[in-house]
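The values are calculated or read from the model by the stated rules, or taken from the named source; none is laboratory data. On a predicted model such as this, the values are computed, not experimentally measured, just so you know. Heads up, the Cβs are rebuilt from the backbone with ideal geometry, glycines too, and the neighbour counts pull from every protein chain shown. For the accessible areas, the whole protein counts, side chains as well, though only heavy atoms, and no ligand, DNA or RNA atoms are used. Shrake-Rupley method; radii C 1.70, N 1.55, O 1.52, S 1.80 Å.
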Amino acid sequence: DNRTICYIHHHHHDDGVGAHDGGDGTDGGGYFFAPYLHDAKLVLATLVISITFTMIYNFYLEWQVRQSSSSQNTKSKINAQERRLSVDSTSLRSSSKALITSMTSSTRTSMAASLADIEGISASGNFLSGILSQMWAHLDVAVGNCIKETLEPTLKELAVPMHFIRLVLGDVPIKTQNMFIHRPDLAPDKRGKKGVQAGIQIDVDVIWDGNCDIMLQATVNKSAKVTFGVKGIKLSGRMHILLSPLTTELPVISAVQYGFTNPPELQLSFTGAAGLVTNSLSFVQNALVGVVQSSLASMLVLPHRMVMPMDLGTYDYFDTYQPPVGMVRLTCVRGRGFKLLRKMILNDIPDIYCVVTLGASGAFRPPFRTTTKFNNLTPNWEDESCDFILYDMDQKVYVSAYDEDTSPMDPDDLMGKAEITARDLFRNEGTCELELHMDKKKTGCYVTVRADLFYLSNQLQSTTSPHYEGKNKLCGLATIIVTRAFDVPVPKADAATYIKVTYGEGCKHKKVFMTGTVSDYPGIDALNPMYDSVFHVPITSEMLKSQQPQSSPNNKSSRKPTISSNAPINNLRTSITRSNSSCSKDDNDIVFTLIDTYGANGTSPNGELGRIVVTHDELRRTYEHTITATRPIGDGGAKLEFRVSLKGMQSEDERLAWLNGGIPQAMTERQESMYSSLYDGLTKGVTIRV
C-alpha cells in the first residue's frame, strides 16, 4: 500500500526537522494530499464517464428524432402516392362509381359548409359605440345594479363570503367594433320555412377599459373583515345580440337576447390592503378573476343568455328560445414539430397530451383530455374524440398541449395553446392544422384538429345505434324549458320562488338545475312568476342502458348480429320494443320542483310547494318526443308551464339519406312498404300491432 510505505518512510527517516517538513526545509504539502490522490482520480474518471455518457445519450436522442422525422416524411409520401394510385385505379375500373362518390362527398361538404358560410352585413360598430357613449351616464347605474344583483348571491356562497359596499363603473364607456349582422345559423332544410322565426343576430366585439370604483368586503370570521377595492377592469370579448322572434306588428321585435359567444378575457386591478397582496400574488388574483368569470359563464356566456322582453303582448319564450346548431365531435388527429426538451444535464423527449374545450364548456364539465403519448415527437390521437353541444358557429375550439411529468412536485409543462372557431373549421372541410403559441409567440409546434357535425333530429335511432356508443360520445340531447308558473299559493309580499329541475333522480348520472329566484318587486308578478330558463342534458348510451331490456342468460336462441337486408326493420323493431319495455322509473325521469325560499322582506321560506314528474317512457312515446304542457304542481292550486323534448343525432350521411326519402338503401319492396307504414304510424301517434 502506497500510504503505508509513505508513512514508514517518513517515520524511519525523521531527522528532527518534522514529519511534515521536507528534508531540505521545503513544505511537505504534497505528501499531505497523497492519501487523497486516488479518490480524486476516481471522481475525475466518474465525471468524465458521466459527461461522455450524457453526450452520447443526447446525440442518440437527436439521431432518433431525425430518423423518426425522416421515416414520417417517407411514410407520408408513400401514403400520398398510394392514395393517388388508388384514385387512379378506381377511376379506371369504375368512372361512374367515382362520379357518384364525388357527388356525394361534395354534397356532404356543402351541408357542413352551408352553416359556416352565411350572408350578412359588416359594419364598424362606431354607431353603437356612439349610442353607448351618450347613454353611459344612465347605463352606469343600471348595469351596476344588474351586476350587483347578479354576482352578490354567488359571492355570499364562497368559502370567504363577500358583498359589495360600493359599485360605480366610472366614466369610460364600452366600445364596440367589428360588427356583423346576419340571420342565426339554421339547418339548410329549415331555412325559408314558414313558422321558423329565425330573427336577426348582431355579432360585435366589446372592449372596455374601465376606471371603475368598486369596494368589496370579505368576512373572514365574525370579528375579522377585510375591505378591498377594484380600480380597473379590462374586458374584451365577442358578444351576440339576438332579436327574435320577429312579428308583423310594432315594435316588430318580441324579445332581445344578449350574451358572450365565448368566455371574455378579463383583468382586474385591486386597491386597499388586500389589494397589495392580491396584485403581488398572482394565484390570489387568478382565483378572484376565476370567480367573476364563472359567474359570467353561468349567466352571460353561451349556452346562457340574458332575455329582455320587448312586447309582453306577443312575447313567448318558447318562440324566443334558440336551439343548438347541433353536436360536434372534436378530434386531435396528430401533432408535429415538437422538439427535444433541453434539460440541465439530459435532454428529454416530451410525453405529450392535449386538452380540448369548446366555448365555455370547461366551466360546466371536465375538459376532454387525450391519452399521453410517451417519448413521441409526432403523437397521434386519431382514434380519440369527444362530443360537444354546438350553440353557435362562432364558438371557439381551444387546444392546449402539455408535457406530462410523473413527479407530483413537478407540474405538467405547457407546450403551447391554439384556438379556432367552429365556423373556420367547417369552412376548411372540418380539418385544420393549428400552430401552438406560447406567450403570444409561435412555437413551431402544430396540432391537427378535426370536427364532425351531427344534426339534432326527431329520429331516435342514434340512442340504440352502436355507432354512438363509446367513451366521450353522445347519442342524443334532452332539452328542458321552464317558462312560468301560475297562482303560487303564497302571499304576494312573501313569495320568492324558483324551480328545481332534476334529471335522473337517484342514479349516478343525476343532474340538477335551478332557475333564478323571482320575488316581489315593482313590475314583477311574484304569484305568476316568469322563469324563462332552458337546460340541456347530453344523453349517452350509458345513461340509457338501464332503459333497455336485458337478454335472458337461458335464451339459447340468441345469435350474433349479422348484416342482412332485414337490418333496418330489425333495428326499428328493437327500438320499438325497448321504448315500451319495463325499466327503472327514476333513471331518466325529469322532476320539476316548485320551491319557495326567503322572501324579499325576510320572511321564512315555505320550502317545497309541489312537484311534477315526466317519465322517460312518456317522452319517448309522445309525438316527435316533445311534451309542451301546463300541469298542476302541488295541492295549492299552482300550475307550471314547461316543455321537454328528446332529440337523436344524425351524421351528415344519415341526414342526407333521410332527407332523400327516409328509406334505407338496399331494401326490398315489401320491406320498404313495412318501413314506411311503421314510420307513418309512429309519427302520427297511431298504435300499431305487428
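On the beta carbon distance between D39 and H437, with R0 = 51 Å, the FRET formula returns roughly 0.50.
Proximity of backbone amide H atoms, modeled 1.01 Å from N, is registered between H163 and Q217 at under 5 Å, excluding neighbours fewer than 5 places apart on the same chain.
Sorting the segments 475-481, 403-409 by their residues' average number of neighbouring beta-carbon atoms within 10 angstrom, most packed first, yields 475-481, 403-409. Taking Cβ atoms as reference points and 12 Å as the exclusive limit, the residues near Q217 contribute a net charge of +2, counting Lys and Arg as +1 and Asp and Glu as -1. May I ask for the net charge around G599, where only other residues with Cβ less than 12 Å from the Cβ of G599 are counted and Lys, Arg are +1 while Asp, Glu are -1? Net charge in that neighbourhood comes out at -2. FRET efficiency for the L659 to H163 pair, using the beta carbon distance and R₀ = 60 Å, is estimated at 0.60. Surface composition of the range 317-472: carbon plus sulfur atoms hold 50% of the accessible area, using a 1.4 angstrom probe and ignoring ligands, DNA and RNA.
Annotation: amide H of D213 within the under-5 Å range of V168, L169, G170, sequence separation 5 or more or interchain, hydrogens built in the peptide plane.
Rounded to the nearest Hz, the phi-derived 3J(HN,Hα) couplings of the range 130-143 under the Karplus curve 6.51 cos²θ - 1.76 cosθ + 1.60 (θ = phi - 60°) are x, 5, 5, 5, 6, 9, 4, 4, 8, 5, 3, 6, 5, 5, where x marks glycine and proline. Taking amide H atoms as placed 1.01 Å from N in the peptide plane, the amide H of Y531 lies under 5 Å from those of R484, A485, each 5 or more residues away in sequence or on another chain. Could you pull out which residues in the range 200-220 have an amide N less than 20 Å from a spot 7 Å beyond the Cα of S133, following the Cα-Cβ vector? Under 20 Å, as judged by backbone N against the label point of S133, lie 204-212 of the range 200-220. In order along the range 251-257, the Karplus-derived 3J(HN,Hα) couplings, from 6.51 cos²θ - 1.76 cosθ + 1.60 at θ = phi - 60°, round to x, 6, 8, 7, 7, 10, 10 Hz, and Gly and Pro are given as x. Near P538: Cβ cut-off under 9 Å, other residues only, Lys/Arg at +1 and Asp/Glu at -1. The net charge is 0. A simple rule links phi to the HN-Hα coupling: the Karplus curve 6.51 cos²θ - 1.76 cosθ + 1.60 with θ = phi - 60°, which for the range 296-301 gives 4, 5, 7, 9, 10, 10 Hz, with x for Gly and Pro. Over the range 196-267, what percent of the accessible surface lies on carbon and sulfur atoms, probe 1.4 Å? In the range 196-267, the share of accessible area belonging to carbon and sulfur is 58 percent. Were the residues from T227 through N472 laid out at 0.36 nm apart, the gain over their Cα-Cα distance would be 83.7 nm.
Applying 1/(1 + (r/R0)^6) with R0 = 41 Å to the Cβ-Cβ distance of R365 and A142 gives a FRET efficiency near 0.75. When each of the peptides 299-308, 352-361, 133-142 is scored by the mean number of other C-beta atoms lying within 10 Å of its residues, the order from highest to lowest reads 352-361, 299-308, 133-142.
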